[in-house]
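The values are calculated or read from the model by the stated rules, or taken from the named source; none is laboratory data. Just so you know, these numbers come straight off a predicted model, no measurement behind them. Reconstructed Cβ throughout: ideal geometry from the backbone, glycine too, with neighbour counts over all protein chains shown.
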Amino acid sequence: MIRVSGLTKDYGIRRAVDNITFEAEQGEILGFLGPNGAGKTTTMRILSGYMPPTEGEATVAGFDVVSESIDVRRRVGYLPETVPLYTDMTVFDYLKFMADLRHLPNGEDRVDDTLEMVGMENRADGYIGNLSKGMRQRVGLAQALLHKPEVLILDEPTIGLDPGQVVEVRNVIREIGKERTVLLSTHVLSEAQQLCDRVLIINKGKIAAEDTPANLQASLIGSERGMLRVRGEADDLIDKIRKVKGVSNVQPKEDGVLEFQFAPGQDVRAEVARTTVKAGYDLLEMRPIGMSLEDIFLQLTREENAEMES
Amino acid sequence: MRNIWTIAKREYKIYFSSPLAYIVMLIIFAVIGGIFALNIINLTSNPFGMNQAPDATIVTGPMAFMLVFSAPALTMRLLADEQRMGTLELMLTAPVRDWELVVGKWFGSFLFVLTIIGFSLVFPLILNGMIDPGLDQQLMLSSYLGIILISAAFLSIGVSISAMFSNQFAAFFLSMGVLVILWFLIGIPAQIFFTGGEIFDYLNMNARFYGSLNRGVINLSDIVYFLSITALGLFIGTVSIETRRWR
């Protein structure tokens with residue numbers, strides 16, 4: 001559905017996107033993850049037919065984004081990061097206008113259906129200028145969904161929404177992602193983790209990593225971690241736990257809290273607990289610390305930065 | 001074509017919810033109405049003092065003058081505001097060609113000015129009832145054709161300049177500057193230079209309107225000139241929207 005090869009975009013002398021290649025299939029939700037200025041928005045703008053790339057090729061739904069731009073735009077629903085809307089129109093008039101530009105038959109019915117989908121059916125006659133940020137975001141999403149696009153490109157779709165709305169919007173996206181291709185960008189890592197089938201981590205215009213959220217986690221962790229809390233000082237305990245078979249490292253955190261690492265698949269928790277109690281400590285709490293996508297992300301971008309500097 | 005109509009329809013509607021458009025309309029009618037009233041008073045108080053019976057040009061003459069300043073006010077927002085608000089991104093990712101967007105915007109403003117022109121027909125109709133044997137109809141036809149042609153050209157220049165800016169006031173002042181040059185100032189060098197002055201004469205909008213169309217003379221060359229300026233403006237507007245994509 002989306003094929004990108006060797007895509008590069010320069011703004012003057014600044015290279016915003018640097019030779020990236022990836023694909024996304026039908027029925028897949030692909031997440032773009034990266035810090036601000038990493039090139040996510042630029043890539044999405046190229047794919048939506050807004051601007052041509054400096055080098056490289058991209059096809060969306062089988063059409064070239066440069067030479068067959070209009071065909072691409074017919075098949076793509078795009079929600080820009082800034083959610084631009086005509087504030088001097090009512091929600092209904094605006095969506096009807098966009099439906100007319102897309103030559104949709106039964107435009108008014110489509111508008112009604114889409115408004116229901118994003119839960120805005122009772123705000124149809126309100127002026128967009130009077131809507132809250134979250135409401136506008138939903139109108140923007142409705143605009144992207146109007147024509148049941150084959151490919152949906154969403155730039156930060158849940159930014160600025162309250163937690164309830166975030167859940168709703170995610171449900172809508174998940175529903176659409178079952179049959180169509182969704183490309184979404186986010187810097188909320190838990191969102192990528194929950195929503196995406198596959199994640200591309202982009203940093204400084206390049207793809208730093210690409211895999212399913214679970215695989216990314218597994219391949220990058222290398223070791224599992226756990227923490228334990230005891231009553232009082234735990235300084236004497238560090239050495240004892242270090243001697244437990246399988247434990248590779250122990251670090252004191254705050255008072256009475258230790259963090260320990262161990263090889264994946266080798267559960268040392270029972271032995272650690274026994275050791276703690278045997279040493280005369282009151283064990284208050286023990287739990288595993290999963291390495292979050294957040295940590296992976298920081299680790300990856302930090303490695304990248306270190307390479308750049310050296 | 002369908003997209004042009006969709007875009008034009010939206011712009012046309014928006015004029016009727018914009019205070020600026022009403023102010024422009026009000027000023028145009030106040031000036032035209034005032035001049036018209038003076039003419040009528042003059043006519044009724046001193047019917048034999050005038051060399052000539054009044055005709056439709058007492059409406060179209062001042063109207064052309066007013067359009068030099070009103071057209072930029074009506075077009076300044078059209079594309080500049082889309083850029084400022086970011087909605088240009090919406091338009092440029094919709095399945096609409098760049099030229100359709102520009103022509104649609106222009107056509108919306110043209111329809112609005114046609115509406116004003118339509119309302120202004122009230123004055124010649126009143127005049128027609130007052131004088132015997134009625135108005136010079138060929139003159140009226142030709143002067144109104146002239147007004148329609150210069151509106152098309154003025155608005156097209158305004159749209160092309162609006163496409164270059166994201167600040168509507170910058171677009172307003174530059175459009176007005178260009179129109180003032182093409183309307184008032186360009187006649188001057190034609191009188192100074194003995195050779196090459198023809199170019200300035202050729203470009204002189206004012207002479208083509210007041211010198212011929214507003215005198216009842218319909219020349220094909222004048223029609224072609226105004227239509228060419230309109231087409232050129234729309235072309236420049238399209239190119240400048242296209243270059244936005246590369247930045």
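Data table
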{"read-out": "Candidate set from the range A:99-123 (those that are within 7 Å of chain B (Cβ to nearest Cβ) and either in a helix (DSSP H, G or I) or aliphatic (A, V, I, L, M) (or both)); member that is nearest to A:Asn36 (Cα to Cα)", "value": "A:Leu101"}
{"read-out": "The range A:97-121, residues that are more than 20 Å from A:Val151 (Cα to Cα) and under 30 Å from the mean Cα position of the chain (by Cα)", "value": "A:Asp112, A:Glu116, A:Gly119, A:Met120, A:Glu121"}
{"read-out": "Residues (surrounded by 18 or more Cβ atoms within 10 Å (Cβ to Cβ) and within 14 Å of chain A (Cβ to nearest Cβ)) located in the range B:219-247", "value": "B:Ile241, B:Arg244"}
{"read-out": "Residues of the range A:31-47 that turn out to be in a loop (DSSP other than H, G, I, E, B) and touching a residue at least 40 places away in the same chain (Cβ under 8 Å), as a count", "value": "5"}
{"read-out": "Listing of helices (runs of 4 or more DSSP H) fully contained in the range B:36-150 that carry 2 or more residues being crowded, with 22+ Cβ neighbours inside 10 Å and either away from chain A (no Cβ under 14 Å) or among the β-branched types (Val, Ile, Thr) (or both)", "value": "B:57-85, B:98-120, B:122-130"}
{"read-out": "Selection status of B:Ala37, touching a helix residue (DSSP H, G or I) at 6+ places or on another chain (Cβ under 6 Å) and small (Gly, Ala, Ser)", "value": "no"}
{"read-out": "Test: residue in the range B:192-201 that is within 22 Å of B:Met76 (Cβ to Cβ), surrounded by fewer than 18 Cβ atoms within 10 Å (Cβ to Cβ) and aromatic (Phe, Trp, Tyr)", "value": "no"}
{"read-out": "Hits in the range A:121-138 - residues which are within 20 Å of A:Asn106 (Cβ to Cβ) and modelled with pLDDT of 90 or more", "value": "A:Ala124, A:Asp125"}
{"read-out": "Residue in the range A:63-70 that is in the same structural domain as A:Lys148 (by TED's automatic domain parsing) and more than 21 Å from B:Arg97 (Cβ to Cβ) present", "value": "no"}
{"read-out": "Residue check for A:Val66: more than 7 Å from every other protein chain (Cβ to nearest Cβ), surrounded by fewer than 19 Cβ atoms within 10 Å (Cβ to Cβ) and part of a loop (DSSP other than H, G, I, E, B)", "value": "yes"}
{"read-out": "Members of the range A:230-254 found to be crowded, with 18+ Cβ neighbours inside 10 Å and assigned to a strand (DSSP E or B), listed by number", "value": "A:Val230, A:Val247, A:Val250"}
{"read-out": "Residue in the range A:28-51 that is facing chain B (nearest Cβ under 9 Å) and farther than 30 Å from A:Ser190 by Cβ present", "value": "yes"}
{"read-out": "Selected residue (criterion: nearest to the other protein chains (Cβ to nearest Cβ)) from residues of the range B:199-218 that are under 16 Å from B:Ile157 (Cα atoms) and of a type in the set (A, V, I, L, M, F, W, C)", "value": "B:Met205"}
{"read-out": "Identity of the residue in the range A:78-93, part of a helix (DSSP H, G or I) and either modelled with pLDDT under 95 or surrounded by fewer than 21 Cβ atoms within 10 Å (Cβ to Cβ) (or both), that ends up nearest to the other protein chains (Cβ to nearest Cβ)", "value": "A:Asp93"}
{"read-out": "For B:Ala207: the one exception among (1) within 30 Å of A:Thr42 (Cβ to Cβ); (2) touching a helix residue (DSSP H, G or I) at 6+ places or on another chain (Cβ under 8 Å)", "value": "(1)"}
{"read-out": "Listing of helices (runs of 4 or more DSSP H) fully contained in the range A:127-227 that carry 2 or more residues being surrounded by fewer than 23 Cβ atoms within 10 Å (Cβ to Cβ) and among the acidic types (Asp, Glu)", "value": "A:163-177"}
